[in-house]
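One structure below.
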Amino acid sequence: MPEQNVLLAGTDEHDLTKLAEYRAIGGYGEALERARAMSSDELIDELQKANLRGRGGAGFPMGRKASLIDRKSAKPKYLVVNADESEPGAFKDRQVMATVPHRLIEGCLIAAHAIESKDVFIYIRGEYLTEYEILQAAVDEARDAGLFDGVEIVVHRGAGAYICGEETALLESLEGKRGQPRPRPPFPPIQGLYMAPTQINNVCTIATVPVILEMGAEEFAKTGVPSSPGTAIFSISGNVVRPGNYELPLGTPMRELIYEHAGGIADGRELKAVIPGGSSVPALTPDQIDVPLDYDSLGAIGTFFGAASLIVVDDRCCMVQLALRSTKFYMHESCGKCTPCRVGTRWMVQILESIENGTATRADLDLLDNVGDNILGKVLCALGEFAVYPVASYLHKWRDEFVAHVEQGGCPFHGSSSLEGILAPSDQHAHTPAGQEALV
Amino acid sequence: MSTFYDDVQKIRERYPEGSRSATLPALRLAQEKHGWLSRQALEETAEALDVTPAFCYAVASFYDMFHLEPAGRHTIEICTNLPCALCGAQKVVEAFEDALGIKAGETTEDGEVTLKAVECLGGCGYATVVAVDHRYRHHVTPETVTEIVEGLGDA
């Protein structure tokens, strides 16, 4: 299937960061007018018919989420856009904000109308400084042009914490606190931001909303595959010839994305593994890549669509080192609230280090599984599970390689792995408050 | 000339009354003013937000982008997460360490440059990604490191 620019439509020919150019291709036009002519119920009905599934990771239908908002509540209703893109492998939201910020803003205005909200917050990760500047300029330009109709959009910058991509941690952070997830229930549509009904959606989800209104929900629902309509921007990275973002209809075969769009495996190497949804999901072996890229098809083979972000790994990589580097990330980003995640990720790192340096026994492989099993389902949010899913898949699918470490008393790659010696932020001590006087 | 206190009040107006949502923007502003979040910076922030310094410290210590110790005038942050790592990020780390004469995590003697390995910056398709004073540089290789280090003086 060829690339199909829908979210990114017009970006090749126009500078769509400018309001005039976005309007010239129909932006803030029919779609917005059509939405505003509808009642809240009608618009939510339209969004439900479109069956747009959330592009942030969980794939929950966006229209259904809107229908759960407690619109009878006397409190304000909030729309929050999750632009805290931090999943290793994902860089699609960044491109949307940098190249089509007005499509995101138009989506905000439509989605806000659906849930009768006047207050929109876009929570953008702190590291995205250039994208923040582009988005803020676009918000100001659209507001000054009188397009907001009583709605206010605040772009709020994060300050460096992966966990804030988790929706309740994001809300805590947006409220000015440490970004630690909340127990659920209550769910955000009932009690979210400032304890008021709150809709939270990913950047790409909201930026697709104007497309639905333009095409009509019934037509939109016919695109992609029936269970997952529309296009997705797939981020592909790692050992491929042409890494980058490719917008493709959902249901595009994974093999086609890797071997045609991305040009296949780089440097004449062999494919070893694909981590299909960002680093948090179970990896696939080369014989598993004849799968359509959509939520249900990936779910059926035991992994996740996630953030539509494929990390391609070639045969130079040691899977124990891959597991170790991945787990160091989740350990570093664990917020510390739930003991199984806070402590368990550290244990996982210690066990993986002992496997890599050859001091582990076969019993340690079982212990690694056991620690993982004691994180799964025992934590408030998915971060702990994100640490376990990939490592469990590496351990089970590439078990021979783990066993070889134990039997040979060290790494069978003998220093030649592509991840050899890779430094993780948790290995350095840049963030210790040395020299800082304790505050009372 | 507006003061830090006034600037923070303007930020607070964007959010509902009584909320603490201005905390992160205020801490960022304080860090820009002081270079890092010293005791004085945290006390000024607390005063402007009408909260305790301990609250500000608790929040600041949660987030990687806040410095709780003096940082260099420039920051170089190298992504070493999986996609960049698979494409040779460690060689880029070592090239920066050699060029600056410090280890990742350290600041040069003269207080000019802080070098750090960081988690995924969201530029995985353009490995290796390096944020130089928070502006992304794509496709960085050991060969382009010298040019980046020499270019720091221009900022």
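The values are calculated or read from the model by the stated rules, or taken from the named source; none is laboratory data. Note that the structure is a prediction, hence the values are computed from the model and not measured. Note that we place each Cβ from the backbone using ideal geometry, even for glycine, and neighbour counts take in every protein chain shown.
Whether any residue in region A:393-408 is more than 10 Å from chain B (Cβ to nearest Cβ), under 24 Å from the mean Cα position of the chain (by Cα) and over 23 Å from A:N239 (Cβ atoms) is what I want to check. No, the conditions are met nowhere in region A:393-408. Whether a residue is surrounded by 24 or more Cβ atoms within 10 Å (Cβ to Cβ), out of contact with any Gly (no Cβ under 6 Å at 6 or more places or on another chain) and away from chain B (no Cβ under 14 Å) was assessed, and A:T252 passes this test. Of the candidates A:E116, A:E131, A:E127, the single residue that is among the acidic types (D, E) and under 18 Å from A:C204 (Cα atoms) is A:E131. Of the residues making up region A:272-287, those that are surrounded by fewer than 19 Cβ atoms within 10 Å (Cβ to Cβ) and not β-branched (V, I, T) are A:P286, A:D287.
If you check A:P390, A:P433, A:P425, A:P412 for being at the interface with another protein chain (Cβ under 7 Å from one of its Cβ atoms) and at pLDDT 95 or above, only one passes: A:P425.
Of the residues making up region A:1-28, those that are part of a loop (DSSP other than H, G, I, E, B) and over 20 Å from A:P229 (Cβ atoms) number 13. Only one of the numbered conditions (1) under 28 Å from the mean Cα position of the chain (by Cα); (2) at pLDDT 95 or above is not met by A:A360, and that is (1).
Note on region A:173-193: residues that are within 20 Å of A:S117 (Cα to Cα) and more than 10 Å from chain B (Cβ to nearest Cβ) total 7. Inclusion of A:G158 among residues that are surrounded by 22 or more Cβ atoms within 10 Å (Cβ to Cβ), more than 14 Å from every other protein chain (Cβ to nearest Cβ), small (G, A, S) and in contact with a Gly (Cβ under 8 Å, 6 or more places away or on another chain) is not warranted. I'd like to check something: does region A:155-167 contain any residue that is within 23 Å of A:M331 (Cα to Cα), basic (K, R) and touching a Phe, Trp or Tyr at 6+ places or on another chain (Cβ under 9 Å)? So far as region A:155-167 goes, no, none of its residues is within 23 Å of A:M331 (Cα to Cα), basic (K, R) and touching a Phe, Trp or Tyr at 6+ places or on another chain (Cβ under 9 Å).
The condition of being among the aromatic types (F, W, Y) and within 14 Å of chain B (Cβ to nearest Cβ) holds for only one of A:Y259, A:Y246, A:Y295, that being A:Y246. Each residue in region A:261-293 was checked for being in a helix (DSSP H, G or I) and aliphatic (A, V, I, L, M), and 1 pass.
Among the residues of this structure, A:P210 counts as one that is touching a residue at least 60 places away in the same chain (Cβ under 8 Å) and over 18 Å from A:A308 (Cα atoms).
Applying the condition of being under 26 Å from A:W398 (Cβ atoms) and among the hydrophobic types (A, V, I, L, M, F, W, C) to region A:233-249 and asking which residue is surrounded by the fewest Cβ atoms within 10 Å (Cβ to Cβ) yields A:V241.
A quick yes/no check of all residues on (1) in a helix (DSSP H, G or I); (2) within 20 Å of the chain's Cα centre (by Cα); (3) of a type in the set (A, V, I, L, M, F, W, C):
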| residue | (1), (2), (3) |
| --- | --- |
| A:Y132 | yes, yes, no |
| A:A137 | yes, no, yes |
| A:A142 | yes, no, yes |
| A:D149 | no, no, no |
| A:V155 | no, yes, yes |
| A:L171 | yes, yes, yes |
| A:R182 | no, yes, no |
| A:Q191 | no, no, no |
| A:T205 | yes, yes, no |
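Screening A:D93, A:D119, A:D149, A:D84 for residues that are in contact (Cβ under 8 Å) with a residue 60 or more places away in the chain and surrounded by fewer than 24 Cβ atoms within 10 Å (Cβ to Cβ) leaves exactly one candidate, A:D149.
So that you can scan it fast, the table gives a plain yes or no per residue for (1) farther than 24 Å from A:P181 by Cβ; (2) touching a Cys at 6+ places or on another chain (Cβ under 8 Å); (3) surrounded by fewer than 20 Cβ atoms within 10 Å (Cβ to Cβ):
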position: A:L324; (1), (2), (3): yes, no, no
position: A:H332; (1), (2), (3): no, no, yes
position: A:I351; (1), (2), (3): yes, no, no
position: A:S354; (1), (2), (3): yes, no, yes
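Total residues in region A:213-225 satisfying the condition of being assigned to a helix (DSSP H, G or I) and in contact (Cβ under 8 Å) with a residue 60 or more places away in the chain: the figure is 6. Of all residues in region A:248-289, exactly one satisfies the criterion of being under 16 Å from A:M1 (Cβ atoms), touching an Asp or Glu at 6+ places or on another chain (Cβ under 6 Å) and among the charged types (D, E, K, R), namely A:R255.
Per this entry, A:S417 is counted among residues that are touching a Lys or Arg at 6+ places or on another chain (Cβ under 9 Å) and under 30 Å from B:V92 (Cα atoms). Only one of the numbered conditions (1) under 26 Å from A:G244 (Cβ atoms); (2) of a type in the set (A, V, I, L, M, F, W, C); (3) touching an Asp or Glu at 6+ places or on another chain (Cβ under 8 Å) is violated by A:V320, and that is (1).
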